Amino acid sequence: MILINVINSALLLLALRGIRRYRQNLKNWPYKKMLHSTYIPPVSILVPSYNEDKTIVDNVESLLAIEYNEFEVVIINDGSTDGTMETLIKAFELKKIDSPYRKEILTKEIKGIYMSSQKRNLKVIDKVNGGKADALNAGINVAKYPLFTAIDADSILEKSSLLKVVRPFIDDPKRTVATGGIVRVLNGSKVSNGFIEEVKLSKKALPILQTIEYLRAFLFGRMGWSELNSLLIVSGAFGVFKKSEVLKVGGYTQDTIGEDMELILKVHRQMRKEKKEYKVVFVPDPVCWTQAPEDLKSLRSQRIRWHRGLMDSLLNTKGMLFNPRYGSIGFFAFPYYWIIEMIGPVIEILGYFSVIASYFLGILNPSFALMYFTFSVLYGVFLSISAVMLEEYNFMKYDKVRDYLIMIVFAVLENFGYRQLTTWWRLRAFFGYRRKKNSWGNIKRNEFNDKVLSL
């Protein structure tokens with residue numbers, strides 16, 4: 001507990017410094033002028049899709065309407081078994097074309113490439129199913145621009161998000177190799193035609209609890225590691241990469257379920273091997289909104305998959321652990337993810353059982369146990385509330401004070417049941433882990449419309 005709290009306190013302080021510096025720099029950055037500047041590098045937006053017919057059209061419409069000078073949207077239909085491809089063809093009047101491309105990364109067969117007669121910068125790849133990593137690699141092969149971003153098909157970008165997350169490539173083009181933006185929970189907000197009309201907190205407990213988690217993980221977790229240039233995860237829902245560097249490492253790894261973390265680790269390894277100065281940057285402002293699971297079954301599936309993906313990535317690159325070649329990554333970030341993130345659930349569950357056993361054996365000091373428990377819970381509440389306050393003070397995405405008050409209440413409640421439940425799922429993932437098990441996650445999705453998402 002002491003180790004976790006010391007590290008999290010340090011990350012919080014680093015995050016405060018990083019966000020403060022970001023806000024100061026933002027004041028001097030002419031956003032409107034940069035929109036049409038020739039200095040902005042063109043970007044390919046890759047959207048891997050599998051059975052997303054409920055949300056795919058609204059998602060594409062929102063991506064096509066983002067504020068950016070030059071970009072293309074590349075949808076990769078990874079052998080969907082529903083009507084995803086048919087929906088896209090009908091909605092955007094797609095026509096199959098004979099488009100040559102360099103197959104620099106080996107992928108499953110591409111059955112066809114389609115262009116829209118309505119939208120000149122929309123391209124759709126129809127391919128044999130191979131998993132998310134394989135779909136992204138196919139998109140990289142077909143993408144024509146030097147930067148690419150990977151966006152989940154169930155997510156919505158704010159119009160200004162892409163330019164903001166690309167900014168580090170503009171400010172420091174030689175050293176920046178990857179950037180990641182913050183992902184927030186969409187549930188509860190009002191969405192119309194693929195655009196967010198009003199940001200609101202969900203009325204359901206499960207999405208609210210996940211909202212707190214996301215704020216804590218991104219606003220001081222990833223922001224803090226970014227300050228040390230030791231960021232090991234760029235979310236698969238919203239990250240931008242330099243295509244040339246990704247090609248050097250062979251693209252996304254296809255025999256893992258943690259393809260987003262695996263890619264960042266491979267990039268770190270490659271850059272250190274070449275002894276180049278480089279940066280992997282987290283940008284706290286550009287927002288990607290995504291649907292969070294609203295039922296326990298979907299949430300359990302997601303968390304088990306996430307933990308197995310984490311284990312895949314860490315075990316595949318275990319040579320980085322305490323390796324002086326990797327600097328702060330090898331001595332701080334990697335041990336943190338090994339001990340606290342990967343093995344942490346085992347230690348935590350053993351802690352609960354040891355307390356219960358100590359009670360029945362008569363060796364438990366009730367006063368000390370109560371003090372220990374109180375401090376542990378209060379510090380967890382402090383970290384969660386700090387993340388909520390960081391959001392309110394710096395970004396103010398939620399308009400109503402009531403939403404922030406509800407989040408503060410849930411920051412307390414998550415310590416009694418929800419945290420233990422997610423820890424239990426991660427423990428199951430730890431002991432049920434199997435290498436080379438890769439598949440799309442099945443999470444129940446809702447359509448992007450006011451009637452569903454404003455519930």
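The values are calculated or read from the model by the stated rules, or taken from the named source; none is laboratory data. Values in this document were obtained by computation on a predicted structure and should not be read as measured data. Cβ: placed from backbone, ideal geometry, glycine included. Neighbour counts: every protein chain shown. Note: areas computed on protein heavy atoms with side chains; ligands, DNA, RNA excluded. Shrake-Rupley method; radii C 1.70, N 1.55, O 1.52, S 1.80 Å.
Numbers at a glance
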quantity	calculated
Test result for residue 152, open to solvent by 10 Å² or more (accessible area, probe 1.4 Å) and within 25 Å of residue 298 (Cβ to Cβ)	yes
Unmet requirement for residue 214, which otherwise passes all of (1) assigned to a helix (DSSP H, G or I); (2) farther than 24 Å from residue 333 by Cα; (3) in contact with a strand residue (DSSP E or B) (Cβ under 7 Å, 6 or more places away or on another chain)	(2)
Strands (runs of 3 or more DSSP E) fully within segment 68-171 counting 1 or more residues that are closer than 29 Å to residue 34 by Cβ	71-78, 110-116, 122-127, 147-151, 155-157
The one condition in (1) among the aliphatic types (A, V, I, L, M); (2) surrounded by 18 or more Cβ atoms within 10 Å (Cβ to Cβ); (3) in contact with a Phe, Trp or Tyr (Cβ under 9 Å, 6 or more places away or on another chain) that residue 47 fails to fulfil	(3)
Residue match in segment 42-54 (condition: assigned to a strand (DSSP E or B), touching a helix residue (DSSP H, G or I) at 6+ places or on another chain (Cβ under 7 Å) and of a type in the set (S, T, N, Q))	yes
Cβ-Cβ under 6 Å pairs, at least 6 apart or on other chains, segment 358-376 side in a loop (DSSP other than H, G, I, E, B), far side open to solvent by less than 100 Å² (accessible area, probe 1.4 Å)	364/358
Only one of 311, 389 that is open to solvent by less than 20 Å² (accessible area, probe 1.4 Å) and either within 20 Å of residue 223 (Cβ to Cβ) or hydrophobic (A, V, I, L, M, F, W, C) (or both)	311
Identity of the residue in segment 398-442, surrounded by 18 or more Cβ atoms within 10 Å (Cβ to Cβ), aromatic (Phe, Trp, Tyr) and at pLDDT below 90, that ends up nearest to residue 190 (Cα to Cα)	398
Candidate set: segment 193-227, residues that are modelled with pLDDT of 90 or more and of a type in the set (Asp, Glu); chosen: the one nearest to residue 383 (Cα to Cα)	213
Residue within segment 80-100 that is of a type in the set (Ser, Thr, Tyr), open to solvent by 50 Å² or more (accessible area, probe 1.4 Å) and in contact with an Asp or Glu (Cβ under 9 Å, 6 or more places away or on another chain) present	no
Out of 131, 181, sole residue that is open to solvent by less than 10 Å² (accessible area, probe 1.4 Å) and either more than 24 Å from the chain's Cα centre (by Cα) or on the phi > 0 side of the Ramachandran plot (or both)	131
